[in-house]
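Laboratory data are not the source of any read-out in this text; all were calculated from the coordinates shown. Keep in mind that what you see is a predicted model, and the values were worked out from it rather than measured. Glycine also receives a Cβ, built like all others from the backbone with ideal geometry; neighbour counts cover every protein chain displayed.
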Amino acid sequence: MLARRLVTGIDSDGRSHAALDGPSPGRFDLLTTQFDVMWTTSSSPPVLDEDRDPADVDSFAQLPAAGGINWVMLRVPPESELEAVDRESDEYAEAMSRFDTGGTVESGDSGWHTTDTLDFIVVVSGQIELELDDGVHLLAPGDCVVQRATRHRWRNPGDEPCILSGVLISGDSSD
C-alpha cells in the first residue's frame, strides 16, 4: 500500500461518513514501477454517488476514458533496482498484461512516452528526474509538475524509491 485511501459518502440517514477506508483494491506491481489506483472517473462531470469502487480493477488503462480522470500513487524505484528486472521474463509479461499504456510508450526500452492528458504530479517523497526534450529536471518532495501532453520520461537516480501522486485528466491536444 502506497497510501491510505479514505473515500467519503452519504449514509442512509443523509450524513457524511467514511464509505471506504484503507488500501486501494487497485494495486499493480509492474516490477519496474508499483502503483495504486486511487480513483477513476469515466465522465465529466463525474458521478458522485455511485456505489461501486472504481479503483477495484483487475487491469488498468493509463489513459483515462474521454472526459475521464485517473488518480494514482506511484512508487518509482532507483535505477539501480531496475537493472535486476528481466523484461523478457514471463513474470514481467504477466505484470504488463494488466497495464494498458494506450500506445503512449515509444518502442524500445527507453521509457519515453506521450499521453494526451493534462497531468498534475506531486513528488511526495524521494527524488525523480523528469526528462523532457530540453533536458533533465530534478524534482524533490513538494515539487509539482503540470504535464501538458508532452514527450517525457521519469528516472530515479537516487538510492531511495520516489513516491508520486498523479492525476491524469483526459485531454484534447490541438495542433
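What tally of residues in the range 88-135 results from selecting those that are assigned to a helix (DSSP H, G or I) and acidic (Asp, Glu)?
Quick first cut of the range 88-135, residues assigned to a helix (DSSP H, G or I) only: 90-96.
With the extra rule that they be acidic (Asp, Glu), the set shrinks to 90-91, 94.
So the answer is 3.
If you filter the range 3-37 down to residues that are in contact with a strand residue (DSSP E or B) (Cβ under 7 Å, 6 or more places away or on another chain) and in contact (Cβ under 8 Å) with a residue 60 or more places away in the chain, you find that the one that is surrounded by the most Cβ atoms within 10 Å (Cβ to Cβ) is Phe28. Just one of the listed residues (Val72, Val85) is in contact with a strand residue (DSSP E or B) (Cβ under 7 Å, 6 or more places away or on another chain) and either within 17 Å of Arg27 (Cβ to Cβ) or assigned to a loop (DSSP other than H, G, I, E, B) (or both), namely Val72.
Among the residues of this structure, Val124 counts as one that is closer than 29 Å to Ser16 by Cα, in contact (Cβ under 8 Å) with a residue 24 or more places away in the chain and either among the polar types (S, T, N, Q) or in contact with a Cys (Cβ under 9 Å, 6 or more places away or on another chain) (or both). Of the residues Arg52, Arg75, Arg87, Arg98, the single one that is surrounded by 15 or more Cβ atoms within 10 Å (Cβ to Cβ) and charged (D, E, K, R) is Arg75.
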